[in-house]
Amino acid sequence: MARRLKKAPPEVNAGSMADIAFLLLIFFLVTTTIGVDQGISRKLPSIQPPDKNPPEINERNILTVLVNKNDQLMVEEMPMDIKDLRESAIKFLENNGDGSCAYCPGGERSSESSDSPKEAIISLSNDSETSYEMYIKVQNELVAAYYFLRDREAQKKYGVTFREMEYVVADPASRAKKGLVERLEPKVKEIQDLFPQRLSEAEPKRQ
Amino acid sequence: MSKFVRKLSGDTPAISTASLPDIVFMLLFFFMTATTMKDSDLKIENRLPSADQTAKLHKKEFVMYIYAGKPSKRYISTFGQNARIQLNDRLAEPKDINNFVIAERAQRRPDDEPYLTASLKIDKEVKMGLVQDVKQELRKVEQLKVNYTTAKGSAVD
């Protein structure tokens, strides 16, 4: 023991260093994700010629959502907390007033609310002093209401959520197998037709 | 204890540097993969609102960015307190969006035009009046696909 220590100590074998380095490299390669932006995707309406008359819509088929300059919310002439908006939008959409909607199990069939999801329109108007944060909150809740109904329907019919199907069809990053997109596309279309997203936005009032 | 003393008195061997290239390469690769290129310097404050019903914008080549917000502290003396729009590297007026969209379209292949999305990165304190102006301008040039880009998180808190 003592004799060996007198010599210079042997060098540390660095041969495995490269392996460790590659291991770490591969680990980081797999785990890091490059930041991707995300947000609420919407389609703006194209500009209508001014002489075109808006179609007539029954009052009960419109859910009026107003936001004032102090970011206060009013739904159908009643003040409401943003937390309750999703719930009341869902209730409005699947009210099933005329009984034509066979896929609206939660419908209350109230005569004050929408005839069917295909007729129902949510009309959103805000003041020009409304903050963008509030606007996004309202958008988020209304989009969530549509997604909830579509998800439920897709789950019942095909056993997958609408969101998953839409992701595979619309997003090239899902790397769907060949033929899957073509198979899912009509299903997505069908669900969209059952609960069409009819969210109209009024031009803001100018002071 | 005596072991240590004896070791120190001997010649210290040179530290092997054979693995140094590996470490350097590892760091290099790590930074290569993890870095995102910054497109433009923001001259405005940009704190996005949060939402959870979001879709991802994967394909950067189909996205154009429109920023809005109050000028940041450095620029308040030049541009004032009011919320402004930023296109590429400069502050702009809503009417400039028209030319901006046309320029962005020209940079891309004509076949890709239907997939082009305008990503609106708007500060949460901006008033809807300005946002509405932006939307109106986008409608005028028929750039109808928009994405209200948000931070991840629950919207209702």
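The values are calculated or read from the model by the stated rules, or taken from the named source; none is laboratory data. Owing to the predicted nature of the structure, the values given are computational and were not obtained by experimental measurement. No Cβ is skipped: glycine too gets one built from the backbone with ideal geometry, and neighbour counts run over all protein chains shown.
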Kindly indicate the residue of segment A:117-136 that is outside any loop (DSSP other than H, G, I, E, B), more than 20 Å from B:Thr150 (Cα to Cα) and among the hydroxyl-bearing types (Ser, Thr, Tyr) and also farthest from the other protein chains (Cβ to nearest Cβ) among those meeting that condition. A:Ser123
Unmet criterion (only one of (1) buried (at least 16 other Cβ atoms within 10 Å of the Cβ); (2) touching a helix residue (DSSP H, G or I) at 6+ places or on another chain (Cβ under 8 Å); (3) under 30 Å from A:Asp84 (Cα atoms)) for B:Val101: (3)
Kindly provide the set of residues from segment B:76-97 that are more than 10 Å from chain A (Cβ to nearest Cβ), within 26 Å of A:Ser41 (Cβ to Cβ) and in contact with a Leu (Cβ under 9 Å, 6 or more places away or on another chain), ordered by number. B:Arg84, B:Ile85, B:Gln86, B:Pro94, B:Asp96, B:Ile97
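Per-residue answers, yes or no, for (1) modelled with pLDDT of 90 or more; (2) within 27 Å of A:Ile47 (Cα to Cα); (3) of a type outside the set (Ser, Thr, Tyr):
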{"position": "A:Asp127", "(1), (2), (3)": "no, yes, yes"}
{"position": "A:Phe148", "(1), (2), (3)": "yes, no, yes"}
{"position": "A:Val168", "(1), (2), (3)": "no, no, yes"}
{"position": "A:Leu184", "(1), (2), (3)": "no, no, yes"}
Give the residue that is nearest to A:Ser131 (Cα to Cα), with candidates limited to residues of segment A:62-76 that are among the hydrophobic types (A, V, I, L, M, F, W, C) and surrounded by 15 or more Cβ atoms within 10 Å (Cβ to Cβ). A:Val67
Flagged in segment A:22-43 as facing another protein chain (nearest Cβ under 7 Å) and modelled with pLDDT under 70, in numbering order, are A:Phe28, A:Leu29, A:Thr32, A:Ile34, A:Gly35
Failed condition for A:Leu24, given (1) in a loop (DSSP other than H, G, I, E, B); (2) without any contact (Cβ under 8 Å) to a residue 60 or more places away in the chain; (3) not basic (Lys, Arg): (1)
How many of the residues making up segment B:132-157 are within 7 Å of chain A (Cβ to nearest Cβ) and buried (at least 21 other Cβ atoms within 10 Å of the Cβ)? 8
Any chance segment B:67-75 includes a residue that's without any contact (Cβ under 8 Å) to a residue 12 or more places away in the chain and within 12 Å of chain A (Cβ to nearest Cβ)? no
Taking B:Tyr115 and the conditions (1) surrounded by fewer than 20 Cβ atoms within 10 Å (Cβ to Cβ); (2) closer than 28 Å to A:Asp71 by Cα; (3) within 14 Å of chain A (Cβ to nearest Cβ); (4) not charged (D, E, K, R), which numbered condition does it fall short on, given that it satisfies the others? (2)
What do you reckon, is B:Leu116 modelled with pLDDT of 90 or more and either over 22 Å from the mean Cα position of the chain (by Cα) or under 20 Å from A:Ser46 (Cα atoms) (or both)? no
Condition set outside any loop (DSSP other than H, G, I, E, B) and without any contact (Cβ under 8 Å) to a residue 24 or more places away in the chain, scope segment A:44-86, selection farthest from the other protein chains (Cβ to nearest Cβ): answer is A:Glu59
For segment B:50-67, the count of residues that are over 16 Å from the mean Cα position of the chain (by Cα), modelled with pLDDT of 85 or more and of a type in the set (A, V, I, L, M, F, W, C) equals 1
Determine whether A:Glu164 is at pLDDT below 90, loosely packed, with under 13 Cβ neighbours inside 10 Å and of a type in the set (Asp, Glu). no
All conditions in (1) buried (at least 16 other Cβ atoms within 10 Å of the Cβ); (2) without any contact (Cβ under 8 Å) to a residue 60 or more places away in the chain; (3) part of a loop (DSSP other than H, G, I, E, B) are true of A:Lys178 except (1)
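For every residue, the table says whether it meets (1) under 18 Å from A:Asn140 (Cβ atoms); (2) among the charged types (D, E, K, R); (3) over 24 Å from the mean Cα position of the chain (by Cα).
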residue: A:Ile40; (1), (2), (3): yes, no, no
residue: A:Ser46; (1), (2), (3): no, no, no
residue: A:Asn53; (1), (2), (3): no, no, yes
residue: A:Asn58; (1), (2), (3): no, no, yes
residue: A:Ile62; (1), (2), (3): no, no, no
residue: A:Glu77; (1), (2), (3): no, yes, yes
residue: A:Ser114; (1), (2), (3): no, no, no
